[in-house]
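Chemist: Shown below is the structure under consideration.
The values are calculated or read from the model by the stated rules, or taken from the named source; none is laboratory data. These numbers come from a predicted model, not from an experiment. Virtual Cβ from ideal backbone geometry, glycine too; neighbours counted across all protein chains shown.
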Amino acid sequence: MLTQERLKELLDYDPETGVFVWKVNKNRARAGATAGTKNNRLYTVIRIDRKDYTAHRLAWFYMYGTWPKDQLDHINRVRNDNRIGNLREATMQQNQWNPSKRKDNSSGYTGVGWHKKTEKWMAYIVINMKQKYLGLFNTPEEAHTAYVKAKEEHHNLV
């Protein structure tokens, strides 16, 4: 089991940049080299003592000395931005409240899509794993405003 002491013996962490740097020579990595590689889900992963750890969980452990109780949410949705100010503890449901924009999104806003039948912008939000319709709007900006209002009302993220 990795301890905070062992972690700090091997790596330096800069909370302003979210970057880990090796303090010692490890396998192919040299002291002073940036630690970690991106996995297929775009999270940074660092191997310590033959075990892989995601950098965001290591950052939390490095700074607070305890592992997150559940999940960590990247506030800005960038999975390899591991600045401590960009991380917050979250339940699985809370983490899903902060989704990335879908690749097929045409509006540019999360929770807003084009409604072909009415030729208007539709706003929606997911609450308790169910999509809730918020209305039709003339512009994507108006629909986004409705989404943000509903998010503030229903998603209590600290």
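Residue by residue, here is whether (1) surrounded by fewer than 19 Cβ atoms within 10 Å (Cβ to Cβ); (2) polar (S, T, N, Q) holds:
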residue	(1), (2)
12	yes, no
20	no, no
26	yes, no
34	yes, yes
46	no, no
50	yes, no
60	no, no
64	yes, no
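Chemist: Here are some conditions: (1) in contact with a strand residue (DSSP E or B) (Cβ under 8 Å, 6 or more places away or on another chain); (2) modelled with pLDDT of 85 or more; (3) among the small types (Gly, Ala, Ser). Residue 85 meets all but one. Which one does it not meet?
Modeler: (1)
Chemist: Find the residue count for segment 12-41, including only residues that are over 22 Å from residue 78 (Cα atoms) and not in a loop (DSSP other than H, G, I, E, B).
Modeler: The number of residues fulfilling the criteria is 3.
Chemist: Just to be sure I understand the filter: pairs with C-beta atoms under 7 Å, separated by 6 or more residues or on different chains, first member in segment 123-152 and touching a residue at least 12 places away in the same chain (Cβ under 8 Å), second member surrounded by fewer than 15 Cβ atoms within 10 Å (Cβ to Cβ) and of a type in the set (Phe, Trp, Tyr). Which pairs pass?
Modeler: Within 7 Å, the pairs are 124/133.
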